[in-house]
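Visitor: Dumping the structure here so I can ask a few things about it.
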């Protein structure tokens, strides 16, 4: 059996055909009605792949292949339209030729240059990830052999090895082929840019079935014969929030999310690790937290798990930002203070009827007037700093403080009375502000400087009239979580704050399953435009975990988070109609990598692009 | 709570013993309380705590013991910090013994459960009864399913701990010749579990195999994994007496495998879930206008032209396999090839074979002119060849499923505009002033062909979706109420069912506003609106009790069916979409529990706890089920309502 590729001049383009030539004696086989297959053609004008209206018999397809036909939709998609199968689409120059070359995943060589040991190791490991992804793409029975050789050159120009908001993620990919030699150059400022380039390269490759008369179907890979891509992200902060407190998520499930993030070029995993329901982090200095706060001794993250996740994420261009929500959303895990002689570290824990003391059971809120609390926080922060990078930013939470809880706690009421303070809303906000100042001081004391940028949720404390009193803009980045018609983000920008947006009515992935909330489909997720302002760091989709655990995590997040990823990466001016086919393809890509992404439409609509609008 | 007591009626003979046990419990509790609050023990408690305080010993943090233990207080399990003096009680064990039985769906008859437990191992379970013939195979299969389910509770642990010598199961089936499920099949069973010296003896009595397998299912729910005792052990109640039979004979689940293909292994998992919830009809919406994955023996061209790919086909052997797999789980398989609408891809080979157009409007654009959702397609009722093909397909289905009592004809959402504009009208075809009559004639002819395919006898229950044809005046004109069962899918307030019941039709209820499990995921097309948002929560599935409102001739309601259409679902999320919501549905049609007037949020607290236990059971059997709430709420029953 031979695979050949021909160059056919067709109008002004070079179009490819993968011709499967079957050699061997054409034995007379009984007519087998199952021996049918679909072929796809690209309509250059509409940029859509069309399934031929009638299937062709496999035998016929050995003998006779018309030009411009593809044996798989994925192969057709690669070359159909300016952006082919790329997701997110590049923000700069993008040229993809229309010719495909078949190759085997093992026929790949890497050349890594100009790096130190650390970055070299990073890239070597990434080539392994690349290869695994290639095998996933090829699928089972990836046995077709071709004589195409692919050589990939990786050129990071600096040894920069920290992912920050100012990390340059730009890359430039150049793919050329001569005969059966394919050469790919990926140039970037640093390894993270190179990694993005490798991700893009994977998206210039697709699998297709090869039919053998006797052995049945095997799969092969095809790569475009030429490409030039200049690409860089529009927003610096492209995040996904995972909540491991409402329901525990096993480390493997989190890694799967990181895989999908890497495939979609998202770069921040916002780890909402704790909440009033549970405290699954095992902290060396404060083992009581997990002991009293975890659902069980196995539903915890040990320091090694956390380090493992951070490393796993970094290797995939993703930073992990930890959030320990406080002073609200903190209850279970904080019950041990009294017994240890430290007084109540938190109040209202599991208090009933919960509706009076919190917005969701179980209740719990830190006790801002207990000075021991700040000692404990200091120990907690020290563990966080030890495990996470000291230079990494930290999320202090700060949402939904329930003043009714504090206002019903004798200890706090007495404190306010004793100090001659009232119990108005302003008084409690001030108390909260004092808590926050103390917490920040504790953190600063540990790192020895006041430069760490702290992220906080928008809240009553971030109200534009009072925010500067409590949260100075050089220290705090505000993550807003209001609906798109709310102007708090704009107002904060006017005040000079840096912000991250988690638009509630588009990027809250838990909506649609409780109360009066509505499910936000991928089109809504995609269409959520953020303000264009240098202080907008970016955005985050949020997967709150009340109604999700590892069972449905993947399909609740994907591919909707990928839709947001293109918004954040390329911030396209075009709408969802232009994105649909590429996203359908990306969903299949995620599935092939083991992520159980939701189906977006009947498969008919995947196979017949543009027919289901 | 009051309702619950009424429910568990204790046999009079046991009363005295129970009073005695109650008294003893009282004494025991008093003793424990005294022990706990004595100043001395309190002191020693503190001392041990101090010693073990990990704060002073930060090195030993890697492996922590489970800190929680549960105590049953006021019929609720309360989570406590473990104090090492009390016996440690796991949540599962506490729930099993605390007021509420953890059975799902709740039995309709007498239930009496013991309050003591014993440990055993899987290999101690033996089936003592012998059968012959077809029944032997069925009972043995049901027994091994049961045993497998019990084994799966252990996870990876290999517990060898046992308090007994043997775990013997006796099965008593009266009608040994019933090996197929019918509408009038008696599914009732009684289950007795007692400990005789060192043997655990279970007796399952049932009229038919189908009752007996439900008995196995219920028995599996009296067994659980206790992670605390002896480092993990299987436990079972020491005594139980349960009488049970379903309220409705049709308890269906519909799965659409045409919008998106669902592989055979996934369909089997759906059947595992159905069996666990005593659902008994798998309605397989196998084809639609999008695709035709049914590999017909007689008309193989259908799937060649209609399947998404060669690997997305149900071969005859697959279907037989599924039918068998379902049978031992007490489930019948009803295959629906929807016609005359919802048929397009797969029907488009007619012209090339000289049979003319078997379907019209296939993949026609703009689709909105010819059908309700893309791609379009509708059978060609004026081409006689269409009926020949139909008859062949019907024959295939009856042969493969061996189901000759129920047949689903489809029949929903016919677009008359498609026929009016795309059929080639001439004097031979006749002209219709009302195309509903053409639709009616199509149906009459399809029924004729079905009759022929079924050996000259129309199946007793031919099911059709509710549509304009099931409205006056067409109902009486075309649909014979002696054969036709209408599956009502319009929202309850459309009142479709009321008229039909009045006229004497039999119904299966699948109200879209409660039992469509696909709803709530927004629009999947670029234009237009979402088909049926919002999402139906398990509570709304459970609370739907339509027969209360429908009025007359209620005995003609054969049952209900939950539906999962697959526009936005494929193998990756089908299970999470179904469970635990289809389980909530199952209790509605098995037991039809009345609403609890005292429950603040509509669904009683006990239902939350039991359904959560059932969800855990499904997960232990390898199914994927959606989370119902934060796990904190499982660990603190009643605190999240």
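The values are calculated or read from the model by the stated rules, or taken from the named source; none is laboratory data. Computed from a predicted structure; not experimentally measured. No Cβ is skipped: glycine too gets one built from the backbone with ideal geometry, and neighbour counts run over all protein chains shown.
Visitor: Answer yes or no as to whether residue B:551 is on the phi > 0 side of the Ramachandran plot and out of contact with any strand residue (DSSP E or B) (no Cβ under 6 Å at 6 or more places or on another chain). Before the answer, list the steps.
Guide: Numbers: on the phi > 0 side of the Ramachandran plot: yes; out of contact with any strand residue (DSSP E or B) (no Cβ under 6 Å at 6 or more places or on another chain): yes.
Yes; evaluated as a whole, the condition is true for this residue.
Visitor: Which one of B:633, B:640 is assigned to a loop (DSSP other than H, G, I, E, B) and not assigned by TED's automatic domain parsing to the domain that holds residue B:461? Quick ask: steps written out before the conclusion?
Guide: On the way: B:633 fails: assigned to a loop (DSSP other than H, G, I, E, B).
Within the list B:633, B:640, the selection yields B:640.
Visitor: Read through the list (1) more than 10 Å from chain B (Cβ to nearest Cβ); (2) under 30 Å from residue B:369 (Cα atoms), then give the number of the only condition that residue A:610 fails.
Guide: (1)
Visitor: Any chance the stretch A:543-564 includes a residue that's surrounded by fewer than 21 Cβ atoms within 10 Å (Cβ to Cβ), more than 8 Å from every other protein chain (Cβ to nearest Cβ) and farther than 30 Å from residue A:467 by Cβ?
Guide: yes
Visitor: May I ask you to list the residues in the stretch B:185-231 that are assigned to a helix (DSSP H, G or I), in contact with a strand residue (DSSP E or B) (Cβ under 9 Å, 6 or more places away or on another chain) and over 21 Å from residue B:279 (Cβ atoms)?
Guide: B:229, B:230
Visitor: What tally of residues in the stretch A:301-335 results from selecting those that are out of contact with any strand residue (DSSP E or B) (no Cβ under 7 Å at 6 or more places or on another chain) and either closer than 20 Å to residue A:543 by Cβ or not assigned by TED's automatic domain parsing to the domain that holds residue A:269 (or both)?
Guide: First, pick out the residues of the stretch A:301-335 that are out of contact with any strand residue (DSSP E or B) (no Cβ under 7 Å at 6 or more places or on another chain): A:302-308, A:311-312, A:314-317, A:332, A:335.
Then drop every residue that is not either closer than 20 Å to residue A:543 by Cβ or not assigned by TED's automatic domain parsing to the domain that holds residue A:269 (or both), which leaves A:305-306, A:312, A:316-317, A:332, A:335.
The qualifying residues number 7.
Visitor: Looking for something out of contact with any helix residue (DSSP H, G or I) (no Cβ under 9 Å at 6 or more places or on another chain) and farther than 20 Å from residue B:107 by Cα - is there at least one such residue anywhere in the stretch B:550-565?
Guide: The answer is yes, given that some residue of the stretch B:550-565 is out of contact with any helix residue (DSSP H, G or I) (no Cβ under 9 Å at 6 or more places or on another chain) and farther than 20 Å from residue B:107 by Cα.
Visitor: Sticking with this structure for a sec: Out of the residues in the stretch B:65-118 meeting the condition of being under 28 Å from residue B:189 (Cβ atoms) and surrounded by fewer than 18 Cβ atoms within 10 Å (Cβ to Cβ), tell me which one is nearest to the chain's Cα centre (by Cα).
Guide: Among residues in the stretch B:65-118 that are under 28 Å from residue B:189 (Cβ atoms) and surrounded by fewer than 18 Cβ atoms within 10 Å (Cβ to Cβ), the one nearest to the chain's Cα centre (by Cα) is B:108.
Visitor: Inspect the stretch A:314-326 for any residue being more than 33 Å from the chain's Cα centre (by Cα), surrounded by 17 or more Cβ atoms within 10 Å (Cβ to Cβ) and more than 13 Å from every other protein chain (Cβ to nearest Cβ) and give the result as yes or no.
Guide: no
Visitor: Kindly check whether there is at least one residue in the stretch A:273-284 that is within 14 Å of chain B (Cβ to nearest Cβ), surrounded by fewer than 23 Cβ atoms within 10 Å (Cβ to Cβ), closer than 20 Å to residue A:394 by Cβ and more than 20 Å from the chain's Cα centre (by Cα).
Guide: For the stretch A:273-284, residues within 14 Å of chain B (Cβ to nearest Cβ), surrounded by fewer than 23 Cβ atoms within 10 Å (Cβ to Cβ), closer than 20 Å to residue A:394 by Cβ and more than 20 Å from the chain's Cα centre (by Cα): present.
Visitor: Search the stretch A:20-54 for residues being touching a helix residue (DSSP H, G or I) at 6+ places or on another chain (Cβ under 6 Å) and modelled with pLDDT of 90 or more, and hand back the single one that is nearest to residue A:583 (Cα to Cα).
Guide: A:49
Visitor: Across the stretch A:493-509, what is the total count of residues that are buried (at least 19 other Cβ atoms within 10 Å of the Cβ) and in contact with a helix residue (DSSP H, G or I) (Cβ under 8 Å, 6 or more places away or on another chain)?
Guide: Result for the stretch A:493-509: 6.
Visitor: Between a first residue in the stretch A:166-195 that is not assigned by TED's automatic domain parsing to the domain that holds residue A:102 and a second residue that is surrounded by fewer than 17 Cβ atoms within 10 Å (Cβ to Cβ) and at pLDDT below 95, which pairs have beta carbons less than 6 Å apart while being 6 or more apart in sequence or on different chains?
Guide: Pairs found: none.
Visitor: Now for a separate question. Taking residue A:486 and the conditions (1) without any contact (Cβ under 8 Å) to a residue 12 or more places away in the chain; (2) farther than 25 Å from residue A:564 by Cα; (3) out of contact with any helix residue (DSSP H, G or I) (no Cβ under 7 Å at 6 or more places or on another chain), which numbered condition does it fall short on, given that it satisfies the others?
Guide: Residue A:486 satisfies every listed condition except (2).
Visitor: Among the residues in the stretch B:317-326, are any in contact with a strand residue (DSSP E or B) (Cβ under 6 Å, 6 or more places away or on another chain) and crowded, with 24+ Cβ neighbours inside 10 Å?
Guide: The answer is yes, given that some residue of the stretch B:317-326 is in contact with a strand residue (DSSP E or B) (Cβ under 6 Å, 6 or more places away or on another chain) and crowded, with 24+ Cβ neighbours inside 10 Å.
Visitor: Could you grab me the full set of residues in the stretch A:396-431 that are exposed (fewer than 13 other Cβ atoms within 10 Å of the Cβ) and assigned to a helix (DSSP H, G or I)?
Guide: Residues of the stretch A:396-431 that are exposed (fewer than 13 other Cβ atoms within 10 Å of the Cβ), as a first pass: A:410, A:414, A:417-420, A:422, A:424-426.
A:410, A:414, A:417, A:418, A:425, A:426, listed by residue number.
Visitor: Which condition does residue A:530 not pass, out of (1) within 21 Å of residue A:325 (Cβ to Cβ); (2) more than 14 Å from every other protein chain (Cβ to nearest Cβ); (3) buried (at least 20 other Cβ atoms within 10 Å of the Cβ); (4) under 18 Å from the mean Cα position of the chain (by Cα), if it passes all the others?
Guide: Here residue A:530 clears every test but (1).
Visitor: Hey, does the stretch B:621-639 have a residue that's at pLDDT below 95, surrounded by fewer than 23 Cβ atoms within 10 Å (Cβ to Cβ) and under 25 Å from residue B:545 (Cβ atoms)?
Guide: Within the stretch B:621-639 (the criterion being at pLDDT below 95, surrounded by fewer than 23 Cβ atoms within 10 Å (Cβ to Cβ) and under 25 Å from residue B:545 (Cβ atoms)), the answer is yes, since at least one residue qualifies.
Visitor: Still on this structure: Tell me the residue from A:577, A:599 that is within 23 Å of residue B:525 (Cα to Cα), surrounded by fewer than 21 Cβ atoms within 10 Å (Cβ to Cβ), more than 15 Å from the chain's Cα centre (by Cα) and within 8 Å of another protein chain (Cβ to nearest Cβ), please.
Guide: Step by step, each of A:577, A:599 is checked, and only A:577 is within 23 Å of residue B:525 (Cα to Cα), surrounded by fewer than 21 Cβ atoms within 10 Å (Cβ to Cβ), more than 15 Å from the chain's Cα centre (by Cα) and within 8 Å of another protein chain (Cβ to nearest Cβ).
Visitor: If you don't mind, there's one more thing I want to ask. Name the one entry in A:331, A:337 that is touching a helix residue (DSSP H, G or I) at 6+ places or on another chain (Cβ under 8 Å), within 13 Å of chain B (Cβ to nearest Cβ) and over 30 Å from residue A:565 (Cα atoms).
Guide: Values: A:331 fails: touching a helix residue (DSSP H, G or I) at 6+ places or on another chain (Cβ under 8 Å).
It is A:337.
Visitor: Please pick out the residue among B:348, B:363 that is under 24 Å from residue B:428 (Cβ atoms), part of a loop (DSSP other than H, G, I, E, B) and either within 14 Å of another protein chain (Cβ to nearest Cβ) or free of Cβ contacts under 8 Å to residues at least 12 places away in the same chain (or both). Spell out how you get there, then give the answer.
Guide: Working: B:363 fails: under 24 Å from residue B:428 (Cβ atoms).
On inspection, the qualifying residue turns out to be B:348.
Visitor: Could I ask something else about it? So residue A:268 ticks every box in (1) within 16 Å of the chain's Cα centre (by Cα); (2) within 13 Å of another protein chain (Cβ to nearest Cβ); (3) surrounded by 24 or more Cβ atoms within 10 Å (Cβ to Cβ); (4) closer than 29 Å to residue A:358 by Cβ but one. Which box is left unticked?
Guide: (2)
Visitor: Same structure, new question: Sort out which residues of the stretch B:421-441 are loosely packed, with under 13 Cβ neighbours inside 10 Å and touching a helix residue (DSSP H, G or I) at 6+ places or on another chain (Cβ under 6 Å), and write them in order of number.
Guide: None - no residue of the stretch B:421-441 is loosely packed, with under 13 Cβ neighbours inside 10 Å and touching a helix residue (DSSP H, G or I) at 6+ places or on another chain (Cβ under 6 Å), so the list stays empty.
Visitor: Can you tell me which residues in the stretch A:234-243 are away from chain B (no Cβ under 11 Å) and crowded, with 22+ Cβ neighbours inside 10 Å? Talk me through it step by step, then tell me what you get.
Guide: Step one: filter the stretch A:234-243 for residues away from chain B (no Cβ under 11 Å), giving A:234-242.
The answer is A:237, A:238, A:239, A:240, A:241, A:242.
Visitor: Here's a follow-up. Anything in the stretch B:514-534 that is surrounded by fewer than 20 Cβ atoms within 10 Å (Cβ to Cβ), facing chain A (nearest Cβ under 10 Å) and more than 21 Å from residue A:583 (Cβ to Cβ)? List them, or say none.
Guide: Selection gives B:534 alone.
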